[in-house]
Amino acid sequence: MKEKMTKRPFVLASVMLAMFVGAVEATIVSTAMPTIAAELGGFSRYSWIFSAYLLMSTVTVLIYGKLADIFGRKPIFFIGLTLFIIGSILCGFARSMEQLIVFRLIQGIGAGAVMPIATTIVGDIYTTKERAKIQGYLSSVWGISAVSGPLIGGLLVQYLNWKFVFWINIPLGLLAMLGIYLFLHEPERKGKATIDYKGAFLLTSTLSIILFWMVEGGQSFARFSLIGICMIAIGVILFACFVNVERRVENPIMPFTLWKNPVILYANLVSLITGIILIGISSYLPTYVTGIMEQPAIIAGFTLTAMSIGWPIASSLAGHLLIRYGAFPVSFIGGITLFIGSVFFVLMNPQSGPWWAAFGSFFVGIGMGLTSTAFTVTIQEAVTRERRGSATAANMFMRNFGNTIGAAIFGGILNSILITQFQKSGSTFELGNINALLTVEGRKSIPSEALSALQSALDHSLQWVYIAVVVFALISILLLTRIPRGKKVHYDYD
C-alpha cells in the first residue's frame, strides 16, 4: 500500500492558522476585558482572566511536547486544539467572572499544545535549510496578531458582542484541524508507548504552585508571608520528587539528557532571560507613553507594534543568516540588539516622544526575532525526531516561564520604588492613584502640582524597571557567548 504524502504548503498554512489563534488570544481579549468586566462584575478578579490562561498554558506545554514524541504530533495537536475550542465556547457562555476564570483555565490547558506542536510539525516536514527560512513565516504570525488583535477585538465588541471575541476561535481552530487531518501524514509508530504519569503529575503540581506564588504573591498575600513561604517549601519538595522520578523512569516526561547538550542548555537559559525582558517592555511601555508622555492609547499601542514589525523582519533575515553563518553569530547579534533596544528605554525621558519609544521597541523586536529563530532551528537540529517535541516545548516553556518571572520581578520593583517615592515626598498618594494618569479625564481631575509629582514618581520608578531590563540583557549576552561556534550542531542521542 502506497504511503500518503504530506502536502507541506497546506500543512504550513494550517500550522500558521493555529498559531494565529493562539497568538491573537492575548491582544483580542485584552481589548474586550473592560466591557466583559462591566457586564459580569467581579473587577477584583480581573487579572485572573489572564493569569488563569497563562498558568495552564505554561504548565502543560512540557507535557504536550513529550506526548507528541510518544503518540505523534497529529493526535496531541487535535486534543489540545479541541480543548482550546471547548474552552472558547464555554467562555462565551460565562455568566460571572468566576465562571469565566474556570473556562479560561480550560482554554489554557488546550493552548499549551498549540504553539510547541505547531513548531515541531514544521521541524518534522522541512529540512534544516528550509526550516530556517520557514521560521520567518511563523514569526510573521506574531506581528500580524499583535496588529490585528486589538482591531478585531474592538470591532467585535462594538458591532456584535464580547462573546464573539472567544467564539471567533471556533471556525479558525476547526479549519486548522481540518488542514492537519487531511494533509499531514506521519510515519507509523511502532512499539508500546509508556507514559510517565507520576512525573506529569509532579511537574504539573510543582509548576502550578510556583506560578501561582509568582502571579498572586504581593497581591492576595505577601510573597514571604507564612502562606508564601509554605508554598515555596511545597514547590521545592515536589520539584525534588519530580527530579528523583525522572532519573529513574524509563520514558521521562522531561529527559534531563537533553540539557546536557550545550546548545539546548544555553538556548533555553537565554530564552528564559529574553522572556523576562519581553514582559518588562510590553507590560510597562504603554504605561510610560500614556501616563508620562500623555499620549493617547493608540499611540502607546503603536510603540509596541514597532516590536511586532521588527520581530518577523529579523526572523526572515535570521533564516538566511543561519544557513550561512550558523547559530552563534546570529543569536549573538540578536543579544546585542536586545541590549541596544533596552538602553533606549533607560535613556528615555518625557520629552523623548513616542518615536524614541518605538525605536527602542523595534530594536527589541529585532533581537527577539534573531534569537528565537536561531534557537528554534538549532534546537530542532540538535535532537533526533523522537525528541524534537520535548526539545521544542522546553524552549517555549522557558520563555513563557521567563514572562511569569519577569512580571513578578518588575511588578515588585515598580511598586516598591513608587511607595518609596511617595514616602520621600511626604504625600498621601497610593499605588491606585497611578491609574488616573492613564486617561485624559483622569489627568484633568488631578491638580497640576499633584499631577507633576505623580508623573515624576512613575518616571523614576519605570527608569529602575528599565535598568533591570538592561541588566537582564547583559546577562543574556554573557550566556550567548557559551553557545558552541560553527554551522553544524551535533545530535544528542543519549
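The values are calculated or read from the model by the stated rules, or taken from the named source; none is laboratory data. This is a predicted model, so every value here is computed, not measured. All Cβ positions, glycine included, derive from the backbone under ideal geometry; neighbour counts span all protein chains shown. Ligands, DNA and RNA are stripped out before the accessible areas are found, and what is left, the full protein with its side chains, is counted by its heavy atoms. Shrake-Rupley method; radii C 1.70, N 1.55, O 1.52, S 1.80 Å.
Name the residue that is nearest to Ile101 (Cα to Cα), counting only residues in region 20-39 that are open to solvent by 10 Å² or more (accessible area, probe 1.4 Å) and at pLDDT 80 or above. So, considering only residues that are open to solvent by 10 Å² or more (accessible area, probe 1.4 Å) and at pLDDT 80 or above, the one nearest to Ile101 (Cα to Cα) is Glu39. Can you say whether Pro116 is within 30 Å of Asn251 (Cβ to Cβ) and either without any contact (Cβ under 8 Å) to a residue 24 or more places away in the chain or among the acidic types (Asp, Glu) (or both), as far as the supplied structure shows? No.
Selection of region 325-345 for residues being farther than 30 Å from Trp464 by Cβ, surrounded by fewer than 23 Cβ atoms within 10 Å (Cβ to Cβ) and touching a residue at least 60 places away in the same chain (Cβ under 8 Å) yields Tyr325, Gly326, Phe328. Out of Ile475, Ile434, one residue alone is part of a helix (DSSP H, G or I), modelled with pLDDT under 80, crowded, with 16+ Cβ neighbours inside 10 Å and within 27 Å of the chain's Cα centre (by Cα). It is Ile434. Residues that are modelled with pLDDT under 85 and open to solvent by less than 20 Å² (accessible area, probe 1.4 Å) within region 394-405 comprise just one, Thr404. Looking across region 249-294 at every residue that is β-branched (Val, Ile, Thr) and touching a Phe, Trp or Tyr at 6+ places or on another chain (Cβ under 6 Å), the one that is farthest from Ile434 (Cα to Cα) is identified as Ile273. Selection over region 347-393 of residues that are open to solvent by less than 40 Å² (accessible area, probe 1.4 Å), farther than 14 Å from Gly310 by Cα and part of a helix (DSSP H, G or I) gives a count of 15. Criterion applied to Gly154, Gly110 was being at pLDDT 85 or above and assigned to a helix (DSSP H, G or I), and the one residue passing it is Gly110. Taking (1) among the aliphatic types (A, V, I, L, M); (2) buried (at least 18 other Cβ atoms within 10 Å of the Cβ); (3) modelled with pLDDT of 90 or more in turn, Ile170 satisfies each apart from (2). Restricting attention to region 192-225, the residues that are open to solvent by 60 Å² or more (accessible area, probe 1.4 Å) and over 22 Å from Ala407 (Cα atoms) add up to 4. The criterion of being assigned to a helix (DSSP H, G or I), open to solvent by 50 Å² or more (accessible area, probe 1.4 Å) and of a type outside the set (Val, Ile, Thr) does not hold for Trp311. Please tell me if Gly301 is in a helix (DSSP H, G or I), of a type outside the set (A, V, I, L, M), farther than 30 Å from Leu451 by Cα and in contact with a helix residue (DSSP H, G or I) (Cβ under 9 Å, 6 or more places away or on another chain). Judged against the criteria, Gly301 is not a match.
Number of residues in region 71-99 that are within 13 Å of Ile121 (Cα to Cα), under 21 Å from the mean Cα position of the chain (by Cα) and among the small types (Gly, Ala, Ser): the value is 0. In the condition set (1) in contact with a Gly (Cβ under 7 Å, 6 or more places away or on another chain); (2) buried (at least 23 other Cβ atoms within 10 Å of the Cβ); (3) closer than 27 Å to Gly326 by Cα, Ile253 is compliant with all but (3).
Yes or no, residue by residue, for (1) under 29 Å from Val377 (Cβ atoms); (2) among the aliphatic types (A, V, I, L, M); (3) without any contact (Cβ under 8 Å) to a residue 12 or more places away in the chain:
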position: Gly217; (1), (2), (3): no, no, no
position: Met231; (1), (2), (3): no, yes, no
position: Ala240; (1), (2), (3): no, yes, yes
position: Ile264; (1), (2), (3): yes, yes, no
position: Ile276; (1), (2), (3): yes, yes, no
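Taking Ser316 as the residue in question, decide whether it is of a type in the set (Ser, Thr, Tyr), surrounded by fewer than 22 Cβ atoms within 10 Å (Cβ to Cβ) and touching a Ser or Thr at 6+ places or on another chain (Cβ under 9 Å). It is true that Ser316 is of a type in the set (Ser, Thr, Tyr), surrounded by fewer than 22 Cβ atoms within 10 Å (Cβ to Cβ) and touching a Ser or Thr at 6+ places or on another chain (Cβ under 9 Å).
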